[in-house]
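Just below is one structure, and these are the notes that go with it.
The values are calculated or read from the model by the stated rules, or taken from the named source; none is laboratory data. Quick caveat: nothing in here was measured; it's all calculated off a predicted structure. Neighbour counts run over all protein chains shown; Cβ positions are idealised from the backbone, glycine included. Heads up: the accessible areas ignore ligands, DNA and RNA and are worked out on the full protein's heavy atoms, side chains in. Shrake-Rupley method; radii C 1.70, N 1.55, O 1.52, S 1.80 Å.
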Amino acid sequence: MVNRASALLFLTILTASPHTAFGQQCNTGTLVCCQWIDTASSPSAPTVGQFAAAGVPLVPAMGLVGCNCSPITGSGSCPTNPLRCREIRSGGAVAFSCCLFGT
């Protein structure tokens with residue numbers, strides 16, 4: 001069970017940190033390639049399941065999120081939309097506070 005104080009601190013940090021929506025400049029965070037991307041405010045069932053399995057509460061303040069992500073290094077490519085994410089958890093299983101890279 002998650003400690004209530006820890007959960008409140010986690011939510012406070014998430015809501016205080018800015019996130020970038022689709023179509024805005026994206027130049028901070030770790031560059032990753034995710035199997036799928038979603039919005040935390042209206043997530044699909046697979047996204048909800050992935051975040052639950054990683055033990056990360058999914059809240060709308062997370063903005064754009066990614067699942068099954070891997071880092072893009074060097075001249076690596078990404079067959080889907082590359083993201084820049086401020087938080088990556090569970091070895092890349094989930095990423096949040098993301099923005100679309102190259103927009």
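Per the conditions (1) in a loop (DSSP other than H, G, I, E, B); (2) open to solvent by 50 Å² or more (accessible area, probe 1.4 Å), the sole criterion not satisfied by Pro46 is (1).
The set of residues in the range 49-81 being open to solvent by less than 60 Å² (accessible area, probe 1.4 Å), among the aliphatic types (A, V, I, L, M) and not in a strand (DSSP E or B) consists of Ala54, Val56, Leu58, Val59, Ala61, Met62, Ile72. In the range 23-41, the residues that are under 18 Å from Pro60 (Cβ atoms) form Cβ pairs under 8 Å with partners that are surrounded by 15 or more Cβ atoms within 10 Å (Cβ to Cβ) and at pLDDT below 80, at six or more places apart or across chains, as follows: Ile37/Asn81.
Of all residues in the range 19-32, those satisfying the criterion of being open to solvent by 20 Å² or more (accessible area, probe 1.4 Å) and either part of a loop (DSSP other than H, G, I, E, B) or modelled with pLDDT of 95 or more (or both) are His19, Thr20, Ala21, Phe22, Gly23, Gln24, Gln25, Asn27, Thr28, Gly29.
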